[in-house]
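Please treat every number below as a calculation from the coordinates, not as lab data. Please read these numbers as outputs of a predicted model, since none were measured by experiment. Note that we place each Cβ from the backbone using ideal geometry, even for glycine, and neighbour counts take in every protein chain shown.
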Amino acid sequence: MSGALPLRKGASAIAEYKKILKTVLENRPSGTRQRLATALGKNRSFVSQIANPAYTMPIPAQHLDLLFELCHFSQESRVAFLKHYEVAHPGKLRLVSSRPATRRIALDVPDLGDPVRNAIVDEMLGNFSRSLNRLIDDLSSDEP
């Protein structure tokens, strides 16, 4: 994915970053869209809309970090995506980059002896962490 695409304004810039997302999603394993929808607390149709260049609905800036994490953007794709995103939504990336830093922790949880149940626990803990981050983001945005 080349970062040399022309930078366009407005709906065209939205379509450009959505094309990048669509390409990334098409190259990810089956189930990535559903995992992304679950992590965002949205329906799978929401992911389809934010990945469809025909829809001018913007991708909310607070979802970008999760999008990059779950979709495993290459560095080149990420840079190109962010260039088009900044053109489409001037100043929005500054709000994302001003969020508090996150840190990783490791948790020891019981092995339930079943890969499906273990995956459910893993997903529950991931969802809790993302919900906590969203709550903190919401509280931060309410400050004067």
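Can you give the charge dipole size of the range 10-97 about its Cα centre, rounded to the nearest 20 debye, using +1 on the beta carbon of Lys and Arg and -1 on the beta carbon of Asp and Glu?
Values: 12 positive and 6 negative charges, 39 e Å.
About 180 debye.
Where a ≥ b ≥ c are the square roots of the eigenvalues of the C-alpha gyration tensor, would you call the range 10-97 rounded, which needs a/c under 1.5, or, failing that, prolate if a/b is larger than b/c, or oblate?
Numbers: a/c = 1.42, a/b = 1.39, b/c = 1.03.
Here the range 10-97 falls in the rounded category.
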